[in-house]
Amino acid sequence: MTQDSASSGNLSVQRSALSVERSATVAAAAPVLAARSLAKTYLTGTQRLQVLRDVSLTVLAGESVSIRGESGSGKSTLINLLAGLDAPDAGTLEWGGGPAAAGRRADFLGIVFQSFYLIPEMDALANVLMAARIRGRIGAAERSRARELLAKVGLGERTTHLPAQLSGGERQRVALARALMNGPQLVLADEPTGNLDEHTGDAVIELLLGLCRDTRTALVLVTHNAAHAAKCDRPLTLHEGVLG
């Protein structure tokens, strides 16, 4: 083989390697969430109320996005649309480049609500395991993961406590563990500190952001709190149904 042929071959290999690297980079940067031109109206009496107008949002893996807005601005409506719990009147929604189908929800995303929504008759461990139960799989691996998540949120010693035996902050930490139970690509948090005092709320937000950062889980945080919103990678505002 001549020197020119060897050089040409090496260059071809380098180009192929570079192409593979670029493809991997593009794949890694593919949006976890892509909402395009979402619109939603509700009928109130004889009139239609425009709640969301042409809302578009793209969220990448590991990215945290906050959405602030006054009461009635459409924040909870938007979260319901992003979660596939409600259907838009117009626009499209994709999860990880695929359809936002109900059958994918349990695997793809976790949701944290303002009101915790823990089952009163079930202890902390069983509440976290509910996320896995929805997928139909409860075994030793799932129980181990649930205990590990409760330990991460500081409740390793309270796995057998019922919700009534936990403080508000502890209940929300159980809800965080539940949201992360199935290893989701995306967490949607709708006013997760709304029922907590300021100090406890700050601690819950730090925990939520830290857990998502450690696991490279994308986060969409809806909040009234300017300080909490500013901690996210990309703060946005929803005003009169328009996101910007």
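No value in this document is a laboratory result; all are computed from the given coordinates. Note that the structure is a prediction, hence the values are computed from the model and not measured. With ideal geometry, Cβ positions are generated from the backbone for all residues, glycine too; neighbour counts draw on all protein chains shown.
What number results when the radius of gyration of the range 127-183, computed over Cα atoms, is divided by 2.2 N^0.38 Å?
With N residues counted in the range 127-183, Rg over 2.2 N^0.38 Å equals 1.03.
Within the range 56-144, which trypsin sites (Lys or Arg not before Pro) sit in a loop by DSSP and count at most 14 neighbouring Cβ atoms inside 10 Å?
In loop regions of the range 56-144 (DSSP not H, G, I, E or B), the sparsely surrounded trypsin sites (Lys or Arg not before Pro) are Arg135, Arg137.
How high is the relative contact order of the chain? Use alpha-carbon pairs under 8 Å, at least six apart in sequence, and give a whole percent.
The normalised contact order for the chain reaches 28 percent.
Taking the Cα centre of the range 121-205 as the origin, how large is its charge dipole in debye, to the nearest 20, when only Lys and Arg (+1) and Asp and Glu (-1) carry charge on their Cβ atoms?
In total the dipole reaches around 580 debye.
With an 8 Å Cα cut-off and a minimum separation of 6 or more residues, compute the relative contact order for the range 173-244 in percent. Provide the component values of the computation, followed by the final result.
On the way: 55 pairs, mean separation 22.2, N = 72.
Relative CO of the range 173-244 lands at 31 percent.
Taking all pairs of different Cα atoms in the range 78-207, averaging 1/r and flipping that mean, what Kirkwood radius in angstroms comes out?
The Cα-based Kirkwood calculation yields 15.3 Å.
Let me know the charge dipole size of the range 29-243 about its Cα centre in debye, to the nearest 20, where only the beta-carbon of Lys, Arg (+1) and Asp, Glu (-1) is charged.
Magnitude of the dipole: close to 580 debye.
Compute the separation of the alpha-carbon centres of the range 140-197 and the range 44-80 and state it in Å as a whole number.
Taking the Cα centre of each part, the range 140-197 and the range 44-80 sit 26 Å apart.
Give me the compactness ratio for the chain, meaning the Cα radius of gyration over 2.2 N^0.38 Å.
Relative to the 2.2 N^0.38 Å estimate, the chain comes out at 1.20.
Work out the length of the dipole vector of the range 30-149 about its Cα centre, built from +1 on the beta-carbon of each Lys and Arg and -1 on the beta-carbon of each Asp and Glu, and round it to the nearest 20 debye. Please list the in-between numbers first.
On the way: 14 positive and 11 negative charges, 27 e Å.
My answer is approximately 120 debye.
Sequence neighbours fewer than 8 away in the same chain don't count; with that in mind, list the aspartates and glutamates whose C-alpha is under 18 Å from Lys152.
Asp123, Glu142, Glu170, Asp202, Glu206, Asp214
Rank Gly194, Asn127, Leu238 by how far each Cα sits towards the positive end of the charge dipole of the range 29-243 (+1 on Lys, Arg Cβ; -1 on Asp, Glu Cβ) and give me just the farthest.
Among Gly194, Asn127, Leu238, the one farthest towards the positive end of the dipole of the range 29-243 is Asn127.
Which of the lysines could a cross-linker bridge to Lys40, judged by Cα under 30 Å and excluding same-chain residues fewer than eight apart?
Lys75, Lys231
Under a no-solvent Debye model with one identical scatterer per Cα of the range 192-244, what's log10 I(q)/I(0) at q = 0.25 Å⁻¹?
So the normalised log intensities work out to -1.05.
Test of the criteria: in the range 94-192, which GluC sites (Glu not before Pro) are in a DSSP loop and have at most 12 other Cβ atoms within 10 angstrom of their Cβ?
Glu121, Glu157
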